[in-house]
Each structure stands twice: as structure tokens, then as C-alpha cells.
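The structure appears right after this line, and notes come after that.
The values are calculated or read from the model by the stated rules, or taken from the named source; none is laboratory data. Given the structure is predicted, the values throughout are model-derived calculations rather than measurements. Using ideal geometry, Cβ is built from the backbone for each residue, glycine included, and neighbour counts are taken over all protein chains shown. Heavy atoms of the whole protein, side chains included, go into the accessibility calculation; ligands, DNA and RNA do not. Shrake-Rupley method; radii C 1.70, N 1.55, O 1.52, S 1.80 Å.
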Amino acid sequence: MAKWIVALAGAAMVAGPVAAQSLNGGDRARIDRARPADREDVRYCLMQGKKGRDKGTVIGAAGGVGVGALAGGSLGESLLAGAAGAVAGRLIGKSEGTDATCDAVLARNP
């Protein structure tokens, strides 16, 4: 029972980034530099990429904490596994957040 509480607490700690779905200054500048016909597509694609990264972070962290808890790790070991899972999930989610169309739009509007 205590292991599941640790797993849920670790997952809750990293759930915060999902709520923050706004673009930073660099992304807004990229939208402003884009061709007028592509601006809405660039904004959409940047948001999709951000959602993919954030979703991957949460899934990776929850998976890491869960595996750490199930493997019988201590609180520190489980949280460390969650951190490693978050990093891996963010890297995977970064590439999975967009499709070929978004990749093309972002490539022609650097």
C-alpha cells in the first residue's frame, strides 16, 4: 500500500507541466517571423510539440516511479527512477508530438 502512495505522489509531482500549455517568448517570436499564411500552422505545431513533450514527461515519470516501487525500491530510489523516466519520456514525446506535416511547416519557418 505504501508503495502505491509513493507512486501516486511521484506522478502528482510531475503532473504540473501538463497544465502549463503556453508558448514562451522564443516560440511567439518564431510565429511572428513565419510567413503570414503559415502563422496559425506554426502556432498549432509548436503547441502540439509542447503537448507531446509534456505528456511524455508525465508518462515516463509515472512509469519510472511505478517500476521503482514495484521493484521494491526505497522512496529515494523510486523517485530517482521517476526522474530518469521523466527525462526519457520527454525525449520520446518531443519527437512523437508532431507529424510529418508539422515537421514540414516548422522546417520552412525556422
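Structure notes:
- Residue list for the stretch 57-77, filter: over 30 Å from Tyr44 (Cα atoms), open to solvent by 50 Å² or more (accessible area, probe 1.4 Å) and in contact (Cβ under 8 Å) with a residue 24 or more places away in the chain: Leu70, Leu75
- Met1 farther than 27 Å from Leu106 by Cβ, under 19 Å from the mean Cα position of the chain (by Cα), open to solvent by 50 Å² or more (accessible area, probe 1.4 Å) and at pLDDT below 85: no
- Just so you know, in the stretch 38-56 the residues that are of a type outside the set (D, E, K, R) and in contact with a helix residue (DSSP H, G or I) (Cβ under 8 Å, 6 or more places away or on another chain) include one that is most open to solvent (accessible area, probe 1.4 Å), and it is Tyr44.
- Under the condition of being within 15 Å of Arg43 (Cβ to Cβ) and assigned to a loop (DSSP other than H, G, I, E, B), the residues counted in the stretch 78-109 number 3.
- Among the conditions (1) out of contact with any Gly (no Cβ under 6 Å at 6 or more places or on another chain); (2) open to solvent by less than 30 Å² (accessible area, probe 1.4 Å); (3) modelled with pLDDT under 90, the only one that Ala34 does not satisfy is (3).
- Among (1) assigned to a helix (DSSP H, G or I); (2) out of contact with any Ser or Thr (no Cβ under 6 Å at 6 or more places or on another chain) - the single one Val65 does not satisfy: (2)
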